[in-house]
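Peer 1: There's a structure below that I have some questions on.
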Amino acid sequence: MERKIGQYQNSIAKHKLTERTLTENTLILGETGSGKTHLSNTIRKFVIDSGVPTIYFDFSNPDPDKIEERFKECSHFHYMRFDESDTFAEAFEKAVDAKQDIYMAVDPDFFSTKKEIKSKLSKLIQNPKLLENYYYFMQVIVKPEGFFTKFEDFFFYILDIINRKKFGLTFVSQPHEMFENTKIKLLFSFLYLGRYSNAYYYNTALLRNMPRHHFLHQARLNYKTLLFSPIQTDIVEIDH
């Protein structure tokens, strides 16, 4: 299965989502209005259509009526709001056992602010059933600075999660200096979308004046070497 989503600028080839997409990690960074939610939902639909259940963590903690309608267009929308109650834990286990496509509203205050303490939220994200069966989405739209002060708890375990997951992870955010960290860069095959007002968040002039619905696509070539496989870079105009 494959899905065409855009056109490479320096090639006659179309940019496609393929079976490899299901296991690759994706980072989408863009300012408000750049189109990053559109792209993440396109990836989500492809994953669902490929028969892989998804869990979408929305850290803006929205009510159902505040979630964009594009996420509700099909039957693959099971809304939940995270809390630390036994009632939530039971409902969550049932949803995961049924492999429902979960859209979870999450307040990042549930993360721990101390590295030596693993929060119930981080433990949930590391649920073995999720790691084995689910493709993850994590979306940070509102006040990313506040999110990343709470994100330390989860970040402490992210390498372990990346190594244990069977399927991929798409992380969607406005730019943040966190992504200048060398270790973070090594976690993802990068996919950048949209216009940047602060290009220093990632050190390339290509992002300064990028039009809407264009993104810088960087991915490791799909063959194994003793070291890292080379990274191929191009600009893609996404279909919209």
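Laboratory data are not the source of any read-out in this text; all were calculated from the coordinates shown. Values in this document were obtained by computation on a predicted structure and should not be read as measured data. All Cβ positions, even for glycine, are placed from backbone atoms using ideal geometry, and neighbour counts span all protein chains on display.
Peer 1: Could you give the nm distance between label points at D86 and E31, where each point is 7 Å from its Cα heading toward the beta carbon?
Peer 2: In this crude spin-label approximation the distance works out to 5.1 nm.
Peer 1: Taking 0.36 nm per residue of separation and subtracting the Cα-Cα distance, what length does fully extending E2 through I48 add?
Peer 2: 15.3 nm
Peer 1: Quick one: which of 77-87, 123-133, 55-65 comes out on top by average Cβ neighbours within 10 Å, and what's the full order, highest first?
Peer 2: Packing proxy ranking, top to bottom: 55-65, 123-133, 77-87.
Peer 1: Which entries in K99/K165; K16/K120; K118/K165; K94/K166; K36/K165 show an alpha-carbon gap greater than 26 Å?
Peer 2: K16/K120
Peer 1: Taking amide H atoms as placed 1.01 Å from N in the peptide plane, list the residues 5 or more away in sequence, or in a different chain, whose amide H sits under 5 Å from that of G6.
Peer 2: It is H15, D239, by chain and number.
Peer 1: Now for a separate question. Taking the Cβ of L131 as the center, what net charge do the other residues with Cβ under 13 Å away carry, scoring Lys and Arg +1 and Asp and Glu -1?
Peer 2: Result for the neighbourhood of L131: +3.
Peer 1: Please list 3J(HN,Hα) in residue order for region 234-240, calculated via the Karplus relation 6.51 cos²θ - 1.76 cosθ + 1.60 where θ = phi - 60°; whole Hz, with x for glycine and proline.
Peer 2: Ordered by residue, 3J(HN,Hα) equals 7, 9, 10, 9, 7, 5, 8 Hz.
Peer 1: If you don't mind, another one. Can you compute the FRET efficiency between E69 and H240 using 1/(1 + (r/R0)^6), with r the Cβ-Cβ distance and R0 = 22 Å? Round to the nearest 0.05.
Peer 2: Given R0 = 22 Å and the Cβ-Cβ separation, E is 0.90.
Peer 1: First check a/c for region 57-129, with a ≥ b ≥ c the square roots of the eigenvalues of its C-alpha gyration tensor; if it is under 1.5, answer rounded, and if not, answer prolate when a/b is larger than b/c or oblate otherwise.
Peer 2: Oblate, because a/c is 1.5 or more while a/b does not exceed b/c.
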